[in-house]
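All remarks here apply to the structure that follows.
The values are calculated or read from the model by the stated rules, or taken from the named source; none is laboratory data. These figures come from a predicted structure and were not determined experimentally. Cβ sites come from the backbone with ideal geometry, for glycine too, and all protein chains shown count toward neighbours. Only protein heavy atoms, including side chains, enter the accessible area calculation; ligands, DNA and RNA are left aside. Shrake-Rupley method; radii C 1.70, N 1.55, O 1.52, S 1.80 Å.
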Amino acid sequence: MAEALMLTGHAIHKVVNADAKRCKMINQLKEVKHVLEQDLKGMKMERDALIEVLEKIKADVDMVIKENQSLERRNEELQATLEKEKEKVKTLDSKMDAFRELKMKLDSDLNERKRKNEKLQIELDKACLTVTQTLNDELKRENARLSQEADKPSSSPQPLKVRMDLSTTKVSQLQNEQ
C-alpha cells in the first residue's frame, strides 16, 4: 500500500505539475489573446483609416474622371471648331488663289492696255503733228493767198479775218485733243 500511495502521490504530483503547467499555459494564452486583441484593435483602426483614405482617393478619382470627361468633351468641341476653321482657311486660301490669279490677269490686261495706249498715244501724237503741220502749211498758203488778194484793191479785209479765225480754231481744237 505504501507503494500504491507513493505511486498515487507521484501521479497526483504529476497531475498537479501538469495542472500548474496548464494554468501557466492558459495564462500565457490569455496574455497572447490580450496582445492579439490589442493588435486586432489597432489593425481595425488602421483598416478604418485606410478605408477612409481609400474613400477620399475614390472621390478624388471620380472627380478627376468627371473632369477628364468634361475635358474630353471640350476637346472634341475644340477639335470640331478647329476642323471648321481649317475649312474656312481652305476656302479663304482658294479665294485668295483665285484673287491672285484675277489680279495677275488684270495686271497683265492693264499692262497690255498701257502698251496699246502708249502706241496709240505715239500714233496720235504723230497724227496731230502731221495734221498741225498740214494745217500750218495750209494756213501759210491761205495767208499767202489772202495776202495776195489783200494787195488787190477790190477785196475786203473781213473774209480774210473769218478764214483765219476758222483755221486758228481748227488748230486750237487739235491741240486741245492732244
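A search for C-beta distances below 9 Å between a residue of segment 129-148 that is assigned to a helix (DSSP H, G or I) and any residue that is of a type in the set (Val, Ile, Thr) and surrounded by 12 or more Cβ atoms within 10 Å (Cβ to Cβ), counting only pairs 6+ apart in sequence or on different chains, returns Val131/Val171; Thr132/Val171; Leu135/Val171; Asn136/Val171; Leu139/Thr168; Leu139/Val171. Scanning segment 42-66 for residues that are of a type outside the set (Val, Ile, Thr) and open to solvent by less than 100 Å² (accessible area, probe 1.4 Å) turns up Gly42, Asp48, Ala49, Ala59, Asp60, Asp62. Regarding Leu124, is this residue in a helix (DSSP H, G or I), modelled with pLDDT under 95 and open to solvent by less than 100 Å² (accessible area, probe 1.4 Å)? Against the criterion (in a helix (DSSP H, G or I), modelled with pLDDT under 95 and open to solvent by less than 100 Å² (accessible area, probe 1.4 Å)), Leu124 qualifies.
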